[in-house]
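Everything below concerns the one structure shown next.
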Amino acid sequence: MRIEHFALQVADPAAMADWYVRHLGFRIARAGGAPVHARFLLEHRGAVMLELYRNPRVTVPDYAAMDPLHLHLAFVSENPASDCERLARAGARVVEPPAATPAGDVIAMLRDPWGLCVQLVQRASPMLKTDPA
């Protein structure tokens with residue numbers, strides 16, 4: 001088996017999906033209507049899918065109040081400093097600017113406009129087969 005998607009209950013799935021398409025390189029694979037307004041987003045290689053939705057049966061988690069160590073969505077970045085600045089101009093808030101870890105990775109933490117933590121990571125040694133070498 002393999003993971004098909006990761007789902008997040010969010011306040012405004014349509015607007016959030018549009019922002020992720022515009023600024024993080026996703027494309028919409030499927031969009032649904034009321035009452036859930038689900039958006040299935042594919043990353044540019046089509047290997048990872050994220051579902052954003054708002055199901056009225058449950059509350060939306062307060063992502064902005066969560067410590068980034070509890071939940072974050074991590075993206076490979078070839079230039080975390082540049083991507084951090086670009087996303088901040090697009091409405092994200094920098095939580096931790098790019099910094100090197102003891103392992104030699106460079107990591108930055110931001111919050112998207114809805115409060116979800118987004119991590120930018122440049123690995124010293126790529127960990128995934130699809131990471132840039």
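Annotations for the structure displayed:
- Exposed trypsin sites (Lys or Arg not before Pro) absent - longest run of the chain, DSSP non-H/G/I/E/B, at most 11 other C-beta within 10 Å: 58-128
- Cβ-Cβ FRET estimate between GLU96 and ILE28, R0 fixed at 25 Å, reported to 0.05: 0.25
- Approximating the spin labels as points 7 Å out from Cα along Cα→Cβ, the ASP67-to-ALA103 distance works out to 1.9 nm.
- For segment 34-95 versus segment 100-118, the spacing of their alpha-carbon centroids is 12 Å.
- The angle separating the long axis of helix 13-24 from the principal Cα axis of greatest extent in the chain is about 30 degrees.
- Virtual spin-label span in nm between LYS129 and ASP12, 7 Å along Cα→Cβ: 4.0 nm
- Extension reserve of the THR59-GLU85 stretch, reckoned as 0.36 nm per residue once the Cα distance is removed: 6.2 nm
Computed from the coordinates by the stated procedures, all read-outs in this text should not be read as laboratory data. Nothing here was measured: the structure is a model prediction, and the numbers come from that model. Neighbour counts are summed over all protein chains in view; Cβ atoms, including those assigned to glycine, are modelled from backbone coordinates with ideal geometry.
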